[in-house]
Structures are given as C-alpha cells and as structure tokens.
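Okay, structure first, notes after.
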C-alpha cells in the first residue's frame with residue numbers, strides 16, 4: 001500500500017489502490033481511466049478523472065467511456081465508484097462535449113433509478129458536470145481541501161450577483177464550497193485524509209456497508225423543500241416571458257399557471273402536459289424545485305400522458321445563495337424526476353424555445369426522449385461570462401445543424417410542431 005497523497009499520486013496508482021488485485025487492466029480514455037474488478041471481495045466498476053490532463057475535464061471521449069461503464073453496471077448490478085477530480089466539461093470542445101455529457105448523464109440517471117449503488121470519492125475540485133455526477137451518487141467522500149459546486153469560484157465571482165464574492169479569498173471559497181458546508185446537507189457523507197490508504201478504506205467500508213436502492217424522490221423533494229425554506233432563496237422570481245410567445249407555444253385550450261419562472265399548462269385528460277422554466281434568466285434552486293413539483297403532480301394527475309418540457313434559461317445560477325444550498329442537488333433532483341416519469345411510461349419531449357446552456361440544459365435534456373430547438377434559440381456549452389472566466393472569449397456555441405451534429409438537439413422546433421401535437425398514443429416531437 002502506498003501512502004502517497006491522493007491528489008498528487010499517479011491516477012493509475014489511485015485506481016489500483018482500491019482494487020483487490022493489481023493485475024486488473026485499466027483503460028484510458030482521454031482524461032478518464034476505467035477499470036472493472038473486485039474491491040473488498042465484490043465486483044465493482046471504477047472511473048477516475050486524470051486531473052493532470054485538461055484538469056480532469058470531461059469531453060466527448062471521456063463522456064462516452066463513462067456512459068458505457070454505467071450501462072454495463074446497470075446491466076450486471078455492480079456498484080460504481082467515481083473518483084471525481086474535475087473542473088467540469090471540456091469547454092474548448094464546445095457543443096459536442098455538451099451533447100456527449102447529455103448522453104452520459106442519461107445513462108447515469110438510468111443507473112441510479114435502477115438501484116445501481118454509486119459512491120463519489122472526491123479530489124480537490126468537483127465543478128460543473130462533475131458536480132452533477134457527485135450529487136447523483138448516494139454518498140460522497142471529501143478531502144479537507146475538496147470544493148464541490150455547480151460553478152467554480154471564478155464563475156461565481158464573474159456572475160456579479162447581489163452578494164460579494166472574491167474568488168481569490170481561499171477562506172471564503174472554502175467556507176462556501178468546502179466539505180463542512182456540503183456535509184451540512186449530506187450528513188451521510190464523510191471526510192477522509194489525503195492518502196491512498198484512506199481512499200481505499202472509504203471505498204471498502206462503503207462496499208461492505210452500502211444497501212441503498214433507487215432514490216425516494218418524494219422524500220428527497222421534501223428534504224430539498226425544507227432546505228430551500230430555511231434559506232433566503234425561497235422567494236419567487238418573476239418571469240419576463242412575453243405572453244405572445246407563450247400563446248404561440250401552447251395549443252388552444254391550455255391555461256398556463258406560473259410559480260415564479262416555472263410554468264405548468266394542461267388541458268383535458270390524456271392531453272400532453274407542459275412544464276418548464278421560462279424568461280431567460282438562470283435556473284436557480286427554487287426554479288428547479290418548483291418545476292420538479294409540477295412534474296410530480298402531473299405524473300399523479302395525468303398518468304401516462306405525454307410531457308412537454310419548455311426551457312428558456314441562459315444558464316444555471318452562479319449566485320452565492322444558490323451555491324450555499326448546493327445547487328447541483330436541485331438540478332439533479334429535477335433530472336431524476338424527469339427520468340422517473342419517462343421510466344413510468346410518459347413520453348417526454350424538451351422544447352428549447354430561447355436559451356439553454358450548461359448544467360441547466362443537462363437537467364432538462366438528459367432524460368428527455370427528444371430535444372427540439374427553435375430556429376432562433378441559443379444553445380451553448382456555457383454562457384459567455386462563465387466561458388470567458390474559464391477559457392477566454394473563444395466561441396463555443398452554434399446553431400441549427402451544429403446542434404444536431406453535436407447531439408444537443410434532435411430536431412428543429414418548427415411552428416407546426418409547436419401548434420400541432422400528435423395524439424398521446426404517439427410520440428411528441
């Protein structure tokens with residue numbers, strides 16, 4: 001056993017330290033290593049970011065490899081250990097990385113709902129898409145220096161919200177994004193020392209003790225609601241949606257009901273139900289939870305009906321108040337609710353009618369059966385301010401054929417599709 005620091009040890013050594021045998025083959029896919037072997041005498045699948053390559057970022061190659069690993073785990077029921085030390089998505093790859101992460105997170109949601117046991121062993125940073133994977137797991141292990149957030153410190157500072165935040169203030173960053181703040185909401189999580197031996201012990205203890213199954217989404221929803229009510233984020237933000245646009249989106253007979261920026265519209269029995277977040281502003285914890293509540297209600301009141309998700313949001317919120325709540329938990333919960341409804345037989349379509357990017361796009365798109373985008377929509381891997389804070393001003397958006405080729409949309413949302421839904425027995429485009 002090597003007692004080298006977890007964060008600085010060679011990534012292959014890190015993976016082998018968790019396994020019972022040092023002879024298990026390890027595959028490298030860009031900045032991701034994957035292995036399938038035994039730990040604590042039980043079959044397990046392991047995936048690890050290599051932080052020395054692109055800061056552990058998840059691009060097309062990494063997302064595809066991890067999606068395959070999760071699909072195999074769902075097939076044979078083996079537990080999954082994710083060693084996450086990642087700055088998030090490969091922003092320089094642009095839309096293809098976003099499309100690949102959509103497919104990856106779809107597999108991750110399916111695995112979690114199927115009862116695949118998932119454990120996150122966190123390194124120094126876990127931002128963006130990596131934070132969604134961490135929040136999806138039933139349990140996490142932190143280093144003292146771990147930072148976990150949907151947005152990194154520089155992005156939070158660049159967002160210029162109403163609370164001052166200095167990304168260069170290490171103490172303030174750690175107080176907001178570090179283990180103590182995160183374990184306030186996840187008392188089942190644990191902190192470990194920065195050694196390979198401690199990492200091995202954390203994984204082996206979890207394997208021997210874990211018995212979690214599929215998540216109880218209504219219990220989870222109640223917990224997130226209590227968390228929101230305890231915070232200053234419980235107020236409703238208003239929607240700036242133009243009434244004419246909403247009228248064009250909804251077929252005759254639908255009366256929209258807003259709760260902040262979240263909207264629900266339904267007609268008679270068997271008719272599709274519309275639920276979404278609109279107005280163009282970033283999706284925050286409250287938006288996510290209210291949309292999830294509307295979807296849970298639709299699943300109860302309209303069993304089997306098609307669901308049409310509407311999205312017009314520039315990004316996920318990068319505010320201090322939302323990161324205090326651990327925004328990733330709220331986005332992941334929304335994704336799980338959508339995935340559970342799809343699994344229960346609802347046909348789910350996402351219509352991007354304005355803006356979409358980053359983690360908020362993933363939250364809506366990952367579990368949808370199809371994604372259609374208006375011809376004048378704007379889909380980006382990250383909004384401009386966040387992108388500039390990470391890689392500068394290089395463009396990483398696109399339109400039309402770029403969306404389709406990258407897998408971030410499956411079709412263009414033509415006017416006739418907006419106004420002429422097919423019957424519930426058929427697909428919703």
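Above 20 Å lies some portion of the pair distances; for the stretch 11-213, what is it as a whole percent of all C-alpha pairs? Counting every Cα pair in the stretch 11-213, those more than 20 Å apart make up 54 percent. Seen from every direction in turn and averaged, the convex hull around the alpha carbons of the stretch 315-382 projects onto 4.7 nm². In percent, rounded to a whole number, the relative contact order of the stretch 11-213 is 18, using alpha-carbon pairs under 8 Å and six or more apart. Axis angle, to the nearest 10 degrees, between helix 95-113 and the longest C-alpha principal axis of the chain: 80 degrees.
Run through the DSSP bridge list for the chain and note the antiparallel percent, rounded to the nearest 5.
On the way: 18 of 59 bridges.
That works out to approximately 30 percent antiparallel.
For the chain, the longest principal axis of the C-alpha atoms and the axis of helix 196-209 are separated by about 60°. Highest mean packing comes first when the peptides 64-75, 107-118 are listed by Cβ atoms within 10 Å, giving 107-118, 64-75. Plugging the Kirkwood radius over Cα pairs into Stokes-Einstein for the chain, at a temperature of 10 °C and a viscosity of 1.306 mPa s, what D comes out in µm²/s? Approximately 73 µm²/s, per Stokes-Einstein.
When each of the peptides 318-325, 149-156 is scored by the mean number of other C-beta atoms lying within 10 Å of its residues, the order from highest to lowest reads 149-156, 318-325. For the peptides 261-269, 54-62, the ranking by packing is 54-62, 261-269, with the highest mean count of neighbouring Cβ atoms within 10 Å listed first.
Computed from Cα positions, the angle between helix 327-343 and the longest principal axis of the chain comes to roughly 70 degrees.
FYI, it's all coordinate maths here, none of it is from the lab. This one's a predicted model, so the numbers in the text were calculated from it and none came from an experiment. Neighbour counts run over all protein chains shown; Cβ positions are idealised from the backbone, glycine included.
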